[in-house]
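S.K.: Here you go, one structure.
The values are calculated or read from the model by the stated rules, or taken from the named source; none is laboratory data. Because the structure is a prediction, the values reported are computed rather than measured. All Cβ positions, glycine included, derive from the backbone under ideal geometry; neighbour counts span all protein chains shown.
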Amino acid sequence: MFRNLVGCCMALLLLLAGCSSPPKTPDLGGIYNHLAQHEDPYRNPIILIPGLLGSKLVDPDSEMIVWGAFGTGTLNPNKPEGARLFGLPMQPGKNLHELKDGVKPVGTLDRVVVNF
């Protein structure tokens, strides 16, 4: 009798497992469809990576290294002063080549350390 009860429980468990629904995934098309079709200046942000090929960028007024030195005592883009130096000042109606800031290239990176 015990064997029959265990067999029935196993069969019931397999039956219930087969009837379960697959995990739900978000409908990304439904979430982003409006954003993709809506023309808005915030739809396509411009992302520039300065110093990608090894240049060092400095603000001549404060002599702070904006790009090219990483670690303590460098620019903090999370603070308002650092964010102003790090970001390119955007202006409505101007093309990218018309936007200017005070940051100047002063040399190349001193060293590059890559850890795997």
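S.K.: Tell me whether segment 32-44 contains one or more residues that are loosely packed, with under 10 Cβ neighbours inside 10 Å, among the aromatic types (Phe, Trp, Tyr) and modelled with pLDDT of 70 or more.
M.R.: no
S.K.: Based on this model, can you work out whether PRO105 counts as surrounded by 11 or more Cβ atoms within 10 Å (Cβ to Cβ), at negative phi and more than 24 Å from the chain's Cα centre (by Cα)?
M.R.: Yes, satisfied.
S.K.: Let me ask something else about it. For a quick check of your reading of the model, give me the residue pairs whose first member lies in segment 49-75 and is at positive phi, whose second is modelled with pLDDT under 75, with beta-carbon atoms closer than 7 Å and at least 6 apart or on different chains.
M.R.: GLY54/LEU109; GLY68/GLY51; GLY68/LEU109
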